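Working notes, beginning with the structure itself.
The values are calculated or read from the model by the stated rules, or taken from the named source; none is laboratory data. Nothing here was measured: the structure is a model prediction, and the numbers come from that model. Quick reminder, even Gly has a Cβ in these numbers, built from the backbone with ideal geometry, and neighbours come from all protein chains shown.
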Ligand code: NOJ
Ligand code: CA
């Protein structure tokens, strides 16, 4: 009896977060298996869960037989300044427990580092330099997250190649039957297991805790998915395999990414959490003067909707004609990236004060890509005959507008790496300082996955290479972000989720945008490409019957609710010209912030946030609403006391509905101060947006108080 108690003391450690909200207990089981458990304000968050690794060709693996050789507890408190962000200062405050473990028989050491914040836990494995563990191959990581019962999850299927799914809200026990149904319904969907899901995974416990599982700083390691044991409600890490089924190739000294658990009893805290960034390294770019938050339009939606094409011709020049000289090919007459059309967009950007214009389909190769799957269909330097790089750059520059480069890599990572220096030099020589890259289709080399270690390293290589050239990166179809934008702030955007393009591919769930900030945006900004004003896509392309499941006011709110230093106004100029009064909000809204206040939040139902524009003192509010009409109640106590402001409120009209009446909105101007209160109706799939500007007497004349 006594002996057991002594052993228990020796192998069990407890550590609390600075404000004592979150508590972690680490211990070893009788056979030397490391175990942790976690609570928030005394409630179970993670029940006892095992830690370790299965190694390839290694009889011991790193699962058990451990003893604790050292534990260290330390505290840290620092405030840092992000290059761009929702706030201008971030506090990084935690208590740390570092446990060094020795595996007895193999004489190998690993260290597990736990950081306890008041909003959650981050922990990672570290492999110190040592004789008995130099090179090793991870067959699987065994990190468990034992859930406090059959709780609610917002999940998408485990997939090694895409996150472009609508979310399903269900109990954990319902994942298996619902996944089976959703995969049969859409054969393009896939999962490695009948209960495999992706992170960032948002959960809500039955006693009202909001729990988010994700990771931070995924560098030189595969993306972690989670596999649910739905008898015991235990998630276990499931790393993305490489082409031969291995997971991670490691060389000590090295570390894994951080595994994160963000927790609160108030959903707003999950959105406000900066834990993921805090677990990443400080910026490795010292001169950040060239990194600029950007608002842009693009020759894009017209291709996505099918009105025009990326390709110049409908023939496959290199295959069918045996030529690479596109000037000899027959133009299809619908090529979007032609000089006259691009100039039209540049004019529109200049007229309305946008920073940049993205142009896709400017370079040769699209016909070949659609026609076959060679690994080198694209170069990134040869324009189509009707796109004059120098002329368009000069034209844009004369109007104070930048062009954003587009590199569709066709997921041929090797080909992109062959071209990358040439392509980035070409960009700099032609005045481009931002690139949208894309990885559509199966990864080439064949058999690799979008989220495997090798491919993760490719995305990182491109980001770091771009930094050398002072190029900002917005990568689509890459691995979902994990806060790396702190270390490499030139990564100003990512897609890695179901973006607005799906509204033109058949539509997304009307509450999708009330989930994304709780899932995909936990790791960093998303290039969601909001701003669609024409919801009936057949009006743009009669052959496309898609409907955008959102009201126009909801589209405005997205500029505030979907935080990103890179924001697009995605619709066609002609659609904006029909609603210039509403378009004014998109023109006015900021893309970089001094402060953010989450006013209301419930995943799947609604989000309301107020943000203070960087350096101007203006405030912008956004509310997005799910399927059920709702009155949003907010106060304006974020405003400075004693000051008077004019608020312009862009809201759903009473009869608005995302399906039947999406363009019904009202705009009203009222006087507000920090005591004002608003009760505002949001329609199904609706919302509202407010711009708030300090005003003098003359500017408030004739306006009513809210
Ligand atoms: C998919 C991307 O999400 C989209 O934005 C892009 O236009 C196409 N790929 C073509 O590269
Ligand atoms: Ca995409």
Item to complete: Return the residue satisfying two criteria in turn: it lies in region 425-441 and is closer than 21 Å to residue 479 by Cβ and surrounded by 16 or more Cβ atoms within 10 Å (Cβ to Cβ), and of such residues it is nearest to ligand 1 (Cβ to nearest atom).
Response: 438
Worksheet item: Does residue 543 satisfy the condition of being farther than 23 Å from residue 354 by Cβ, in a loop (DSSP other than H, G, I, E, B) and within 16 Å of ligand 2 (Cβ to nearest atom)?
Response: no
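Residue-by-condition table, conditions (1) at negative phi; (2) surrounded by fewer than 24 Cβ atoms within 10 Å (Cβ to Cβ); (3) modelled with pLDDT of 95 or more:
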site: 450; (1), (2), (3): yes, no, yes
site: 468; (1), (2), (3): yes, yes, yes
site: 489; (1), (2), (3): yes, yes, yes
site: 500; (1), (2), (3): yes, no, yes
site: 506; (1), (2), (3): no, yes, yes
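Each row is one residue, and each column tells you yes or no for (1) without any contact (Cβ under 8 Å) to a residue 24 or more places away in the chain; (2) not in a strand (DSSP E or B).
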| residue | (1), (2) |
| --- | --- |
| 189 | no, yes |
| 192 | no, yes |
| 203 | no, no |
| 218 | no, yes |
| 231 | yes, yes |
| 237 | no, no |
| 243 | no, yes |
Worksheet entry | In region 84-107, the residues that are without any contact (Cβ under 8 Å) to a residue 40 or more places away in the chain and either on the phi < 0 side of the Ramachandran plot or crowded, with 16+ Cβ neighbours inside 10 Å (or both) | 89, 98, 100, 102
Fill in: Residue among 292, 343 that is more than 16 Å from ligand 2 (Cβ to nearest atom), surrounded by fewer than 23 Cβ atoms within 10 Å (Cβ to Cβ) and under 23 Å from residue 499 (Cβ atoms)
292
Discussion item. Being within 15 Å of ligand 1 (Cβ to nearest atom), in contact (Cβ under 8 Å) with a residue 60 or more places away in the chain and not in a strand (DSSP E or B) is the filter here; which residues of region 467-494 pass it?
Written reply: 477, 479, 480
Discussion item. Going through 292, 307 one at a time, which residue ends up being more than 16 Å from ligand 1 (Cβ to nearest atom), closer than 30 Å to residue 577 by Cβ, in a loop (DSSP other than H, G, I, E, B) and out of contact with any strand residue (DSSP E or B) (no Cβ under 7 Å at 6 or more places or on another chain)?
Written reply: 292
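Residues are listed down the side, and each one gets a yes or a no for (1) surrounded by fewer than 22 Cβ atoms within 10 Å (Cβ to Cβ); (2) not in a helix (DSSP H, G or I):
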{"position": "376", "(1), (2)": "yes, yes"}
{"position": "380", "(1), (2)": "no, yes"}
{"position": "392", "(1), (2)": "no, no"}
{"position": "396", "(1), (2)": "no, no"}
{"position": "400", "(1), (2)": "yes, yes"}
{"position": "406", "(1), (2)": "no, yes"}
{"position": "417", "(1), (2)": "yes, no"}
{"position": "421", "(1), (2)": "yes, no"}
Worksheet item: Which condition does residue 534 not pass, out of (1) away from ligand 1 (no atom under 16 Å from the Cβ); (2) in a helix (DSSP H, G or I); (3) touching a helix residue (DSSP H, G or I) at 6+ places or on another chain (Cβ under 7 Å), if it passes all the others?
Response: (2)
Worksheet entry | Given (1) assigned to a helix (DSSP H, G or I); (2) within 16 Å of ligand 2 (Cβ to nearest atom), number of the condition residue 428 does not satisfy | (2)
Item to complete: Mind checking which strands (runs of 3 or more DSSP E) fall wholly inside region 595-706 and carry at least 1 residues that are more than 18 Å from residue 557 (Cα to Cα) and free of Cβ contacts under 8 Å to residues at least 40 places away in the same chain?
Response: 665-672
Discussion item. Condition first: in a helix (DSSP H, G or I) and surrounded by fewer than 19 Cβ atoms within 10 Å (Cβ to Cβ). Now tell me which residues in region 252-289 satisfy that.
Written reply: 268, 269, 272
Worksheet item: In this structure, is residue 138 more than 16 Å from ligand 2 (Cβ to nearest atom), part of a strand (DSSP E or B) and either farther than 21 Å from residue 507 by Cα or touching a strand residue (DSSP E or B) at 6+ places or on another chain (Cβ under 9 Å) (or both)?
Response: yes
Fill in: Test for residue 700: is it at pLDDT below 95, farther than 26 Å from residue 266 by Cβ and either touching a strand residue (DSSP E or B) at 6+ places or on another chain (Cβ under 6 Å) or surrounded by fewer than 17 Cβ atoms within 10 Å (Cβ to Cβ) (or both)
yes
Worksheet item: Taking the stated definitions as given, is residue 344 within 26 Å of residue 573 (Cα to Cα), part of a helix (DSSP H, G or I), touching a residue at least 12 places away in the same chain (Cβ under 8 Å) and touching a helix residue (DSSP H, G or I) at 6+ places or on another chain (Cβ under 9 Å)?
Response: yes
Practice prompt. Kindly check whether there is at least one residue in region 502-520 that is free of Cβ contacts under 8 Å to residues at least 60 places away in the same chain, away from ligand 2 (no atom under 12 Å from the Cβ), outside any loop (DSSP other than H, G, I, E, B) and in contact with a helix residue (DSSP H, G or I) (Cβ under 7 Å, 6 or more places away or on another chain).
Written response: no
Worksheet item: For residue 641, all conditions in the list (1) touching a strand residue (DSSP E or B) at 6+ places or on another chain (Cβ under 7 Å); (2) farther than 22 Å from residue 581 by Cβ hold save one; what is the number of the exception?
Response: (1)
Worksheet item: So which residues in region 481-501 are touching a helix residue (DSSP H, G or I) at 6+ places or on another chain (Cβ under 7 Å) and within 12 Å of ligand 2 (Cβ to nearest atom), if there are any at all?
Response: 496, 497, 498, 501
Worksheet item: Can you spot a residue in region 509-528 that is buried (at least 22 other Cβ atoms within 10 Å of the Cβ), within 16 Å of ligand 1 (Cβ to nearest atom) and at positive phi?
Response: no
Item to complete: Please state which one of 434, 411 is under 24 Å from residue 446 (Cα atoms) and under 25 Å from the mean Cα position of the chain (by Cα).
Response: 411
Worksheet item: Looking at region 112-119, is at least one residue more than 16 Å from ligand 2 (Cβ to nearest atom), within 25 Å of residue 200 (Cβ to Cβ) and part of a loop (DSSP other than H, G, I, E, B)?
Response: yes
Worksheet item: Taking residue 443 and the conditions (1) away from ligand 2 (no atom under 16 Å from the Cβ); (2) touching a helix residue (DSSP H, G or I) at 6+ places or on another chain (Cβ under 9 Å), which numbered condition does it fall short on, given that it satisfies the others?
Response: (1)
Worksheet entry | Test for residue 337: is it in contact with a helix residue (DSSP H, G or I) (Cβ under 6 Å, 6 or more places away or on another chain), within 16 Å of ligand 1 (Cβ to nearest atom) and assigned to a loop (DSSP other than H, G, I, E, B) | no
Practice prompt. Output yes when any residue across region 430-446 is at positive phi and touching a residue at least 60 places away in the same chain (Cβ under 8 Å), and no when none is.
Written response: yes
Fill in: Flag for residue 569 being buried (at least 20 other Cβ atoms within 10 Å of the Cβ) and out of contact with any helix residue (DSSP H, G or I) (no Cβ under 7 Å at 6 or more places or on another chain)
no
